[in-house]
Amino acid sequence: MQRGELEQGIGLAVTAYTLWGLSPIFWRLGDGSAGAALVVRIVSTFVLLGLVQVVRDRGVGVRAIARDRRTVLLAATSATLLAGNWLVFIWAVNNERVLEASLGYFLNPLVSVVLGVSVLGERLRANQWLAVSIAAVGVVVLSIDVGSVPWVAISLAVSFGLYGLIRKTTPLGSLDGLSFELSLMVVPALVGFVMLAMVGDGSDVVSEPRDWLWAGGAALMTAAPLLLFASAARRIELWMVGVLQYVAPTLNFLLGVFAFGESWSGGQAVGFVVIWTGLAIFAVDGVARAGRGRPGRPIAAAGASA
C-alpha cells in the first residue's frame, strides 16, 4: 500500500466518523417527533441517492438487485433493521440519551464478534473472549446503576450488528445496496408520515423554509459519511477501519457530557470504564495481530448507522 493512499484512506475514514460523531447536533435542529424526522431522513436520502444513481448508471445495479428474490428478502430485512436503528438513535438524541446511544456504538463491534461466532461459526481468540466478557460486565454495572436495562444502547448495538451481518453475507455494494434499501423504506415511510399527520404530528418537520434546508441536510448527513467510509475501506486495512470507528461514539459521548449536559453518575463512570477496558483489549489485539501480518477480525462499521 502506498503512503499517499494510506493517508488518504485514513483522512476519509476520520472524516466519515467525525460526521457520524457530531451528527447529534444536526438531528437536534429538526422539529417534530423522531418518527417524523425519520421519514424526512428516508425520503430525502432516497431522492438524493436516486439522483446519484441516474447520473452514474441510471440505476442498473439497483435493478439487478431487484431481480433476485432472495436478495430482495434479505434487503427488506436489512432495511427494517437500519430504519429501526435510525429511529432509536434520533429518539435518543432528542430525549437526552446521547450517552446511552454512544454506548451502543461502543458495543457494536463486540456484538458483531458474537454474531460471527454464533451465526458464521467463527472462532474467538482468548483476548477477544476476555474483551466481550469484560464489556458484558460493564453493561450489567450500567444497568444496576440506572435501575433498568440500557435498552437504547442494546437496541442500537444489536440492530446494526444484525444489519452488518446481513450486508456481509449478501452481494450488495455500498451505494447500490443502500439505494435499494431506501427504495424499500420510502413507501412505508410516506404511509407513516400520513398517519402521523392525521394525529397532528409530523407537519412541523417541513413547515418552514429552514425545515426544507434541514431536510436536504438530512440526506447529506446520511449519505456523505457512508460514501466516505466506503471509499476509505477500499484504501486501508480492515483492522485500521475498526480502530478508527471509535472516533464516532467518543464524539457522541463528549457531546452528551459537555455540550448537552446529560446526567453523569459515579456508577455510570464505572460502567463505561469497564466497557472501555474491554474495547481497549479488543483494539490492541487487532492491532497486534495486524502487526504480525495476520488480518484482524472483520468489524462492522458502527458509525454508519448514525
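Computed from the coordinates by the stated procedures, all read-outs in this text should not be read as laboratory data. What you see is a predicted model; the values in this text were computed from it and never measured. Cβ: placed from backbone, ideal geometry, glycine included. Neighbour counts: every protein chain shown.
Okay, here's what the table says:
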item: Approximate spin-label separation VAL199-ARG69, in nm, with each point projected 7 Å along Cα-to-Cβ; result: 3.6
item: FRET efficiency, LEU29 to LEU124 (Cβ-Cβ, R0 51 Å, nearest 0.05); result: 0.80
item: Sequence ranges 107-113, 280-286, ranked by mean other-Cβ count within 10 angstrom, highest first; result: 107-113, 280-286
item: Alpha-carbon centroids, the range 269-286 and the range 132-162: separation in whole Å; result: 14
item: Distance between modelled label sites at VAL273 and VAL287, nm, 7 Å Cα→Cβ extension; result: 2.1
item: Amide H contacts of LEU172 (H built 1.01 Å from N, under 5 Å, at least 5 apart or other chain); result: none
item: Debye intensity ratio in log₁₀ form over the Cα atoms of the range 20-157, taken at each q of 0.16, 0.18, 0.20 Å⁻¹; result: -1.04, -1.14, -1.21
item: Check: the chain dipole with +1 on Lys, Arg Cβ and -1 on Asp, Glu Cβ, in debye; result: 1200
item: Gyration tensor over alpha-carbon atoms, the range 1-46, equivalent ellipsoid semi-axes in Å; result: 33, 12, 5
